[in-house]
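Quick note: the coordinates plus some simple rules give every number you see, no bench work behind them. For clarity, every value in this text was computed on a predicted model and none was experimentally measured. Positions of Cβ are generated from backbone atoms using ideal geometry, with glycine treated the same way; all protein chains shown enter the neighbour counts.
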Amino acid sequence: MALDYYIRSGQKQLRCGYTTGTCVALAAAGATSFLLSGKKPETLSLMTPKGIPVETIPAFLLLKEGTAVCGVVKDGGDDADVTHGLTIEAHVKKISSPGIFIDGGEGVGRVTKPGLDQPVGFAAINRVPRRMIEEQVQQVCDTLGYDGGIEVLVCIPDGKEVAQKTFNPMLGIEGGLSILGTSGIVEPMSEQALVDTIALELRQAAALGAKRLILTLGNYGEDFLRKNQMSGDAVPVVKCSNFIGDALDITSTHPFTEVLLMGHIGKLVKLAGGVMNTHSRYADCRTELVCAYAAVCGASKEVCMALLQAATTDACIEILDSAQLRQPVLDCLLKAIQQHLDHRVCGKYRIGAVLFSNQYGLLGQTQMAKEIIESWK
């Protein structure tokens, strides 16, 4: 059952889909209901964390040796990726221990490197999907009056093969796919439509007389601004997603004089290598760049090897901290980022960058960013 929810991107209406996390939460609820009641639910539904309801028909329901299995077909909407059309399964059974236990089975990857959402050795089922699964299963248990333990085993037939087309092996997730999603909904990403939307928002900000501008890459940036009270009505905030170069170019066609680019280090570190579209399909040189500047700052071969094998930039920061190299490496990266930003905007306006991490908070600012922020006080 296709999700009937659309977003406008530029001049296009694009249909949203739902995440693998939503699929497995639906499947877990369906399997639990079948297990406890003996009746096959005709439809499955839930309210996603984004506040959008999702309803679908189970791909199948079966009961074997005390385990109920429900499958839900992934619908990626107009942003179909390698998981679109896959059947996500939840295998549910009663257990003697109280509580709801979640693990990954066939086709679900397992974490082998630190720095990811889940600890090493755990199934790559992220926090939000885990919470969604628990909530849906608990809701069914409460409705049917069951207060015993439940085990949910998530499986994705063909997941191991499909995962080879993703960055999972490089990130340290082996044996299958990840169960992801923070909102429960997949919002389509038509590149031209997104760039058109960025252009429209920048044009509107300029039309309202704004001379100062904050560019963020997405929700993380907006959350950071809000938590640190760095945004206000006086300075418009425009999300540019991965399209940093396009956003900078479009900004130069308007009379903006000062621009702050704020983003997670996992994205903005790529600017130190001149990468202006930070989507992983174009370049994923995060650890290589951190390693290169760490080597310049005197890192040992062992530290460099650890950086190259790190799964995330947060993991890189932890390694740099252990080697007492965080600040000199960040200073070098920030200097390189500033140089590439200056080269891109060609003096049309002052531009600076602010780097942060969800784990470590504010990591640093380029010198120009410091000057811009000081002038806004």
For Kirkwood radius over Cα pairs in Å, the choices are (i) 21.3; (ii) 22.5; (iii) 26.7; which was calculated from the structure?
(ii)
Mind checking the dipole of the chain: about its Cα centre, +1 per Lys or Arg Cβ, -1 per Asp or Glu Cβ, Debye to the nearest 20?
640
Ordered by residue, what ³J(HN,Hα) values in Hz, to whole numbers, does region 107-121 give under the Karplus form 6.51 cos²θ - 1.76 cosθ + 1.60, where θ = phi - 60° and Gly and Pro are x?
x, 9, x, 10, 6, 10, 10, x, x, 8, 5, 10, x, 4, x
Degrees between helix 326-345 axis and first principal axis of the chain (Cα, 0 to 90, nearest 10)
70
On a 29 Å Cα-Cα criterion, which of the cross-link pairs Lys50/Lys348; Lys267/Lys377; Lys165/Lys270; Lys39/Lys165 come out too long?
Lys50/Lys348; Lys39/Lys165
Name the trypsin sites (Lys or Arg not before Pro) in region 194-230 that are in a loop by DSSP and that have at most 14 other C-beta atoms within 10 Å, would you?
Lys211
Go ahead and set up a Gaussian network model of the chain, Cα springs under 10 Å, then flag whichever of Ser357, Ser96, Ser33 fluctuates most.
Ser96
Straight-line reach from Lys211: which aspartates and glutamates have Cα under 19 Å away, leaving out those fewer than 8 places along the same chain?
Glu201, Asp233, Asp246, Asp249, Glu258, Asp342, Glu371, Glu374
Which trypsin sites (Lys or Arg not before Pro) from region 256-286 combine a DSSP loop assignment with at most 14 other Cβ atoms within 10 Å?
Arg281
When Rg is the radius of gyration of the Cα atoms in region 191-376 and Rh is its Kirkwood radius, what does Rg/Rh come to?
0.97
Can you tell me which of Val82, Val237, Val269 moves the most in a GNM of the chain? Springs connect C-alpha atoms under 10 Å apart.
Val82
Given the options Gly66, Ile95, Gln138, identify the residue whose Cα lies farthest towards the positive end of the charge dipole of the chain (+1 on Cβ of Lys, Arg; -1 on Cβ of Asp, Glu).
Gln138
Only Cα pairs within less than 10 Å get springs; with that Gaussian network setup on the chain, which residue of Glu174, Glu65, Glu161 has the largest fluctuation?
Glu65
Size of charge dipole - region 6-186 - debye, nearest 20, with Cβ of Lys, Arg +1 and Asp, Glu -1, no other charges:
240
